[in-house]
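I have placed the structure first, in the form of structure tokens, so that the comments after it can refer back to it.
The values are calculated or read from the model by the stated rules, or taken from the named source; none is laboratory data. In this text the structure is predicted, and so the values were computed from the model without any measurement. Cβ coordinates were reconstructed from backbone atoms using ideal geometry, including for glycine residues, and neighbour counts include every protein chain displayed.
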Amino acid sequence: MLKRFFSYYRPYKHLFILDFGCAVLAGLLELSFPVVVNQVIDKIMPKGNFRLIALACAGLLLFYILNTILQYIVVFFGHKLGVNIETDMRRELYGHLQTQPFEYYDNQKTGKLMSRLTTDLFEISEVAHHGPEDVFITVMTLVGSFYLMLRIHVQLALATFIVLPFITIALVFFNKKMTKVNTKIYDNLGDFNAGVEASVSGIRVTQSFANEPFERRRFEGLNQAYRQSKITFYKVMGISSAYNYFLIRLINLFTLIFGAYYTIKGEITDGQFVGFILLSNVFVRPIEKVNNMIESYPKGIAGFKRFTEEIDKKPTIQDKPDAVSIDHLHGDIIYDDVSFSYADSTKVLNHINLQIVPGETVAFVGQSGSGKTTLCNLLPRFYEVTEGKITIDGIDVQDMTLASLRSQIGIVQQDVFLFPGTIRENIAYGKLDATEEEIQKAVRLAHLEKVVDQLSEGLDTMIGERGVKLSGGQKQRVAIARMFLKNPPILILDEATSALDTETEQVIQESLNSLAEGRTTLIIAHRLATIKHATRIIVVSDQGILEEGTHKELLEKGGHYRRLHDAQFRE
């Protein structure tokens with residue numbers, strides 16, 4: 001895991017060398033300070049020459065100025081290094097999430113994914129900055145200061161060093177314990193974020209049912225679980241800090257007692273005694289830093305583990321090595337003995353055989369759960385067939401690149417998703433480099449011009465989260481205009497008008513008919529009145545395709561379609 005972690009330093013090796021080098025140099029200068037003081041007291045002061053003392057102090061001033069510059073470089077460029085690595089990891093994780101199929105998101109909570117993109121990576125950034133230099137400088141300072149203390153007096157140095165093994169044992173123990181606690185904290189934070197995201201997104205439903213007290217109780221449960229895990233973390237950290245504090249103070253105490261003893265005996269000079277005390281302070285400083293390491297390292301380690309776990313989840317749907325990029329499709333679609341089951345083995349489609357010719361409008365009807373939507377979602381490979389294959393223009397969809405396949409297919413759904421921003425931005429999403437003329441044409445074709453004219457800001461009107469400021473019909477027309485811009489040869493209409501009133505439905509239906517003209521169109525419908533014009537209607541059930549034909553032919557058969565029709569139009 002360490003090798004994998006350090007691979008993220010590679011693009012910033014010059015920045016890392018600058019930060020690490022300055023940190024090491026600053027650590028060496030800190031070690032030299034007690035030696036200089038020792039020399040001033042023992043060699044310069046006895047001479048009574050104040051001019052030499054002043055020069056020594058001027059030298060120390062230059063030392064402090066240099067160390068100040070080094071501290072700035074370490075803090076600024078070190079954090080810049082950490083932020084760069086954090087940004088790269090976030091970019092990689094976001095790109096990875098974009099490759100995951102629909103089935104992955106069926107089993108995920110948005111809040112948990114948000115937590116992995118934000119909180120987890122922030123903690124990794126801190127470790128990326130402080131980790132290598134803190135560990136190296138801690139070891140270097142401990143070894144360097146101990147060596148200098150040995151040169152002054154061996155027994156005194158050993159008396160000072162005797163407590164260090166106990167601190168090391170504590171570091172290993174508490175680091176392991178706090179990594180485990182931090183993993184639990186991240187899990188609870190993910191649940192917390194997911195709960196808040198769902199609560200805020202569903203605030204209209206909550207208020208319409210007057211269920212605010214219930215939501216507050218649910219939020220309080222999540223809040224308390226997160227609180228408890230953090231309290232556990234700080235309890236462990238508190239015990240660790242107190243333990244280390246006591247042992248560090250023992251080092252200072254031992255230095256004072258034994259140093260005074262050996263000074264009185266005449267084994268060390270006054271200057272050496274003062275220098276030794278200063279060295280002991282340098283010696284304990286990295287040990288004190290261990291407390292900060294115990295707090296931040298487990299968070300970063302836990303965050304990186306979660307990051308790698310997510311990155312290692314390979315997308316179940318991806319391009320083959322030899323996949324071809326398709327420039328244009330005519331829309332000759334064949335479902336060849338297609339079956340589909342979810343990961344939990346729930347069977348949805350069973351040996352479906354179907355051919356759709358270019359330019360044909362095919363409607364799928366049937367009871368909820370019969371597999372109509374799944375059948376259409378297999379075409380752009382939002383899900384992957386379990387058995388059989390689907391071809392377009394004689395090419396297996398699995399032999400095409402995902403990007404080129406999906407660029408040839410347009411989908412208009414009942415539950416339209418609009419991004420926060422303006423109407424113009426949402427329409428232009430269908431073709432990111434669209435000209436103003438192309439956008440205006442799409443507006444006209446979608447019968448959206450009256451809506452735009454009524455708005456004070458026109459196309460530049462902000463529509464709010466998920467288009468909340470627009471009606472259902474207006475959102476549908478924006479989605480249709482977006483699809484006119486994309487101009488795909490294959491179109492999927494997923495119950496696109498079922499949530500609209502009759503008058504609005506008629507307007508939208510006209511737009512959809514215009515959109516479907518000259519394209520191979522697959523329609524998923526509950527309301528049979530909207531599909532009378534279809535070239536072919538296919539009745540789907542959990543047993544497969546029950547019957548197919550035109551509206552008139554199916555009514556005359558008096559089968560499943562006739563029963564669905566009579567049930568809807570019964571007076």
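Summary of computed values
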| read-out | value |
| --- | --- |
| Residue count for the stretch 76-87, restricted to those that are among the aliphatic types (A, V, I, L, M) and buried (at least 17 other Cβ atoms within 10 Å of the Cβ) | 2 |
| Of all residues making up the stretch 420-464, the number that are within 26 Å of the chain's Cα centre (by Cα) and without any contact (Cβ under 8 Å) to a residue 24 or more places away in the chain | 2 |
| Elements of type strands (runs of 3 or more DSSP E) in the stretch 455-553, at least 2 residues being at pLDDT 85 or above and on the phi > 0 side of the Ramachandran plot | none |
| Candidate set: the stretch 35-83, residues that are over 26 Å from residue 136 (Cβ atoms) and basic (Lys, Arg); chosen: the one modelled with the lowest pLDDT | 47 |
| Helices (runs of 4 or more DSSP H) enclosed by the stretch 64-169 - at least 1 residues per element that are of a type outside the set (Asp, Glu) and within 17 Å of residue 300 (Cβ to Cβ) | 110-117, 119-152 |
| Residues (without any contact (Cβ under 8 Å) to a residue 12 or more places away in the chain and under 24 Å from residue 306 (Cα atoms)) located in the stretch 7-39 | 7, 10 |
| Yes/no for residue 2 being over 29 Å from residue 277 (Cα atoms) and of a type outside the set (Lys, Arg) | yes |
| Any hit, the stretch 242-260, residues being among the small types (Gly, Ala, Ser), modelled with pLDDT under 80 and either out of contact with any Lys or Arg (no Cβ under 6 Å at 6 or more places or on another chain) or within 30 Å of residue 187 (Cβ to Cβ) (or both) | yes |
| Flag for residue 346 being out of contact with any Pro (no Cβ under 8 Å at 6 or more places or on another chain) and at pLDDT 85 or above | no |
| Among the candidates 44, 73, 65, residue that is β-branched (Val, Ile, Thr), surrounded by 15 or more Cβ atoms within 10 Å (Cβ to Cβ) and within 29 Å of residue 129 (Cβ to Cβ) | 73 |
| Hits in the stretch 140-157 - residues which are without any contact (Cβ under 8 Å) to a residue 60 or more places away in the chain and surrounded by fewer than 18 Cβ atoms within 10 Å (Cβ to Cβ) | 143, 147, 150, 151, 154 |
| Cβ-Cβ under 8 Å pairs, at least 6 apart or on other chains, the stretch 510-532 side surrounded by 20 or more Cβ atoms within 10 Å (Cβ to Cβ), far side part of a helix (DSSP H, G or I) and acidic (Asp, Glu) | 530/505 |
| From the options 285, 306, residue that is surrounded by 15 or more Cβ atoms within 10 Å (Cβ to Cβ), in a helix (DSSP H, G or I) and in contact with an Asp or Glu (Cβ under 6 Å, 6 or more places away or on another chain) | 306 |
| From 116, 90, residue being crowded, with 19+ Cβ neighbours inside 10 Å and modelled with pLDDT of 85 or more | 90 |
| Residue 219 being surrounded by fewer than 19 Cβ atoms within 10 Å (Cβ to Cβ), closer than 30 Å to residue 35 by Cα and modelled with pLDDT of 75 or more | no |
| The listed residue being part of a helix (DSSP H, G or I), out of contact with any helix residue (DSSP H, G or I) (no Cβ under 6 Å at 6 or more places or on another chain), at pLDDT 75 or above and surrounded by fewer than 18 Cβ atoms within 10 Å (Cβ to Cβ), out of 224, 207 | 224 |
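Listed here are the residues, each with its yes/no results for (1) among the β-branched types (Val, Ile, Thr); (2) touching a Phe, Trp or Tyr at 6+ places or on another chain (Cβ under 9 Å); (3) at negative phi; (4) assigned by TED's automatic domain parsing to the domain that holds residue 281.
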| position | (1), (2), (3), (4) |
| --- | --- |
| 19 | no, yes, yes, yes |
| 25 | no, no, yes, yes |
| 58 | no, no, yes, yes |
| 110 | yes, no, yes, yes |
